[in-house]
Amino acid sequence: MSKLETRGRILEAALEVFARKGYHRARVDDIVRASATSKGAVYHHFPNKQAVFLALVDDFAARLTRGVAAAIAARQGALARVQGALMAALDTFAGNERLARLILLEAASLGPVYQAKRAEVAGRFAALIRGYLDEAVADGSIPPLDTAVATLAWLGAVNEIVIQWLHGDVPDLGASIPALTRLLLRSIGTPAAPDAPPG
C-alpha cells in the first residue's frame, strides 16, 4: 500500500471514529484499530489527533473547492457563477453529512487552532463569492451594493441552514437548495434565479 493510500485509509477511519465517539473521546489507538494500520503509520502522517482532525477539515475544503470550481467553469457571467458556487457548496455539505457534522457541530470547542483553520476555509469561499458579486455589480447584473456585507449575510444563511439540517430541523438539505438560492439572489436585487429549478 502506498503512503497516499495509507494516509487516505487513516483519514477514512478517523472520520468514522470521530463520528462515532466524538472528537474528545476518540483516541489515536481507536484510529489505529479502525484503519487496520499501526501507531507508527498514523504518527508518520500526523503528529497528533488534532492534526488528523485538521486534515479532515482540509479534505472537506478541497471537496468544496473542487465542487465550486466545477460549477463556476460550467457557467457564463458573474451572477450565474455566484449561483453555481452557492449551489455547489450546499451540495457538498449534503453529500458529506458526517464530515459536515464534525466540522460545524462537534468541533465548536476545539480552540484557536481549529477556529483559525475554519476561518481560513470560510475566508477562501467568502473571497470567491465576493469577487463574483463585485463582478456582477460592475457588469450591471445586480444593483450597486456592499458586497462585503452581502457575502457575510450569504455565508451566515448557508451556515445556519446546514446546522439546522444537521440538527434534524431541515429534513432534506438538497430539497432546500433551490428556495435558498432564490432567496439569496433576491436579497441582492435579482428578481429571480435564472437557472434554479422550482422548489
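Points to keep in mind about this one:
- For the criterion of being closer than 22 Å to residue 133 by Cβ, part of a helix (DSSP H, G or I) and in contact with a Lys or Arg (Cβ under 8 Å, 6 or more places away or on another chain), residue 81 passes.
- Candidates 90, 64, 79, 56 - the one that is at pLDDT below 85 and of a type outside the set (Ser, Thr, Tyr): 79
Rundown of residues vs (1) touching an Asp or Glu at 6+ places or on another chain (Cβ under 8 Å); (2) polar (S, T, N, Q); (3) at negative phi, yes/no style:
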| residue | (1), (2), (3) |
| --- | --- |
| 4 | no, no, yes |
| 7 | no, no, yes |
| 30 | no, no, yes |
| 38 | no, yes, yes |
| 53 | no, no, yes |
| 77 | yes, no, no |
| 80 | yes, no, yes |
| 91 | no, no, yes |
| 96 | no, yes, yes |
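- Among the residues making up the stretch 146-158, those that are part of a helix (DSSP H, G or I) and open to solvent by 50 Å² or more (accessible area, probe 1.4 Å) are 149, 152, 153.
- Subset of the stretch 1-13 [open to solvent by less than 60 Å² (accessible area, probe 1.4 Å) and either within 18 Å of the chain's Cα centre (by Cα) or at pLDDT below 90 (or both)]: 2, 11
- Filter result (touching a residue at least 40 places away in the same chain (Cβ under 8 Å) and crowded, with 18+ Cβ neighbours inside 10 Å) within the stretch 92-103: 93, 99, 100, 101, 102, 103
- In the stretch 117-145, the residues that are within 15 Å of the chain's Cα centre (by Cα) and open to solvent by 30 Å² or more (accessible area, probe 1.4 Å): 117, 118, 119, 120, 122, 123, 124, 127, 128
- Count - residues of the stretch 45-57 that are in contact (Cβ under 8 Å) with a residue 12 or more places away in the chain, under 14 Å from residue 7 (Cα atoms) and assigned to a helix (DSSP H, G or I): 7
- Of the residues 34, 41, the single one that is small (Gly, Ala, Ser), free of Cβ contacts under 8 Å to residues at least 24 places away in the same chain and either assigned to a helix (DSSP H, G or I) or surrounded by 17 or more Cβ atoms within 10 Å (Cβ to Cβ) (or both) is 34.
- Identity of the residue in the stretch 58-78, in a helix (DSSP H, G or I), touching a Ser or Thr at 6+ places or on another chain (Cβ under 9 Å) and small (Gly, Ala, Ser), that ends up least open to solvent (accessible area, probe 1.4 Å): 78
- Selection count, the stretch 1-26, where residues are assigned to a helix (DSSP H, G or I) and among the aromatic types (Phe, Trp, Tyr): 1
The values are calculated or read from the model by the stated rules, or taken from the named source; none is laboratory data. Because the structure is a prediction, the values reported are computed rather than measured. Please note: Cβ atoms are built from the backbone with ideal geometry, for glycine as well, and neighbour counts cover all protein chains shown. SASA here: full protein model, heavy atoms, side chains in, ligands and nucleic acids out. Shrake-Rupley method; radii C 1.70, N 1.55, O 1.52, S 1.80 Å.
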